[in-house]
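Quick notes on the structure that follows.
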Amino acid sequence: MKRDDNINNLFKKLEGNFDINAPNNGHENRFLEKLNQQSITVVANDTKKSNYWKPFLAVAASIVLCFSVFTVMQQQNVELQGLASVSPELSQTQSFFTTAIAQEIATIEAERSPETEDMINKAMQALEILEKDYQLLKIDLNESGNDKRVVYAMITNFQNRIDVLKNVLEHIEEVKNFKLNQNENNNTI
């Protein structure tokens with residue numbers, strides 16, 4: 001009820017301000033004529049433009065999408081080759097080593113400081129050399145028909161990477177301990 005009172009009060013306030021005069025003769029016809037002219041020209045122009053290029057754009061987008069998906073899948077297949085192509089057990093071995101190496105690298109990167117910068121950079125260079133060797137071993141594996149000597153060399157390559165990373169972590173610990181001992185000596189003097 002209160003809402004109805006508000007509306008009634010509004011109309012009472014606006015009383016006398018409304019335009020109650022009738023429009024000129026033919027006003028409605030002129031208005032409808034102008035409206036029809038505008039809608040015809042606007043609609044006619046839009047339909048001609050959109051009908052031609054939208055299907056081609058949709059087909060082109062579909063082709064690009066399919067090509068992108070195919071390319072990504074091919075790259076993943078190439079990356080998974082190596083020990084994984086020999087047997088499921090060696091696939092698990094490769095996965096284990098890859099995960100362990102990634103964890104060790106993350107640990108080393110967390111320890112990066114001005115004192116360890118040079119040591120870590122040299123270790124990363126050694127890892128790059130071992131990665132290049134591994135890529136050559138993958139080619140040898142494909143050419144040799146899964147020769148066991150190449151498989152052992154690939155596993156040894158992974159072990160060498162882990163050894164490099166562990167040595168760097170040990171050296172980082174030595175640097176940290178030396179720095180800690182030096183700080184303690186400075187504090188006691």
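Rule-based calculations on the coordinates, nothing more; no lab input. The structure displayed is predicted, hence computed values, not measured ones. Using ideal geometry, Cβ is built from the backbone for each residue, glycine included, and neighbour counts are taken over all protein chains shown.
Using θ = phi - 60° and the Karplus relation 6.51 cos²θ - 1.76 cosθ + 1.60, list the HN-Hα couplings for the stretch 8-15 in order, rounded to whole Hz, with x at every Gly or Pro.
Residue by residue, the stretch 8-15 yields 4, 4, 4, 5, 5, 5, 8, 4 Hz.
For the stretch 79-170, take the alpha-carbon Rg, divide it by the Kirkwood Rh, and send me Rg/Rh.
1.03
Determine, for the stretch 99-189, the count of lysine pairs separated by eight or more sequence positions (or lying on different chains) whose alpha-carbon distance falls under 17 Å.
So the count of such lysine pairs works out to 4.
Report the rotationally averaged projected area of the stretch 118-185 based on its alpha-carbon convex hull, in square nanometres. All intermediate terms of the calculation are to be shown ahead of the outcome.
Details: hull surface 18.4 nm².
So the Cα hull casts an average projection of 4.6 nm².
Rounded to the nearest 20 Debye, what is the dipole magnitude of the stretch 111-189 about its Cα centre when Lys and Arg each give +1 and Asp and Glu each give -1 at the C-beta?
200
Which net charge results for the neighbourhood of Leu130, defined as the other residues with beta-carbon distances under 12 angstrom from its beta-carbon, given Lys and Arg at +1 and Asp and Glu at -1? Mind dumping the intermediate values first?
Working: positive: Lys132, Arg161; negative: Glu128, Glu131, Asp133, Asp163.
Its environment carries a net charge of -2.
Got a sec to turn the phi values of the stretch 89-106 into Karplus ³J(HN,Hα) couplings, 6.51 cos²θ - 1.76 cosθ + 1.60 with θ = phi - 60°, whole Hz, x for Gly and Pro?
Karplus-based 3J(HN,Hα) across the stretch 89-106 equals 5, 6, 5, 5, 4, 4, 4, 4, 4, 4, 5, 4, 5, 4, 5, 5, 5, 4 Hz.
Quick one: Karplus J couplings for the stretch 156-161, per residue in order, coefficients 6.51, -1.76, 1.60, θ = phi - 60°, nearest Hz, x for Gly and Pro?
Residue by residue, the stretch 156-161 yields 4, 4, 4, 5, 5, 4 Hz.
Need one number: nm distance between label points at Asp19 and Leu35, each 7 Å from Cα along Cα→Cβ, rounded to one decimal.
Distance between label points: 1.6 nm.
Cross-link candidates for Lys12: which aspartates and glutamates have Cα within less than 14 Å, leaving aside residues fewer than 8 places away along the same chain?
Asp4
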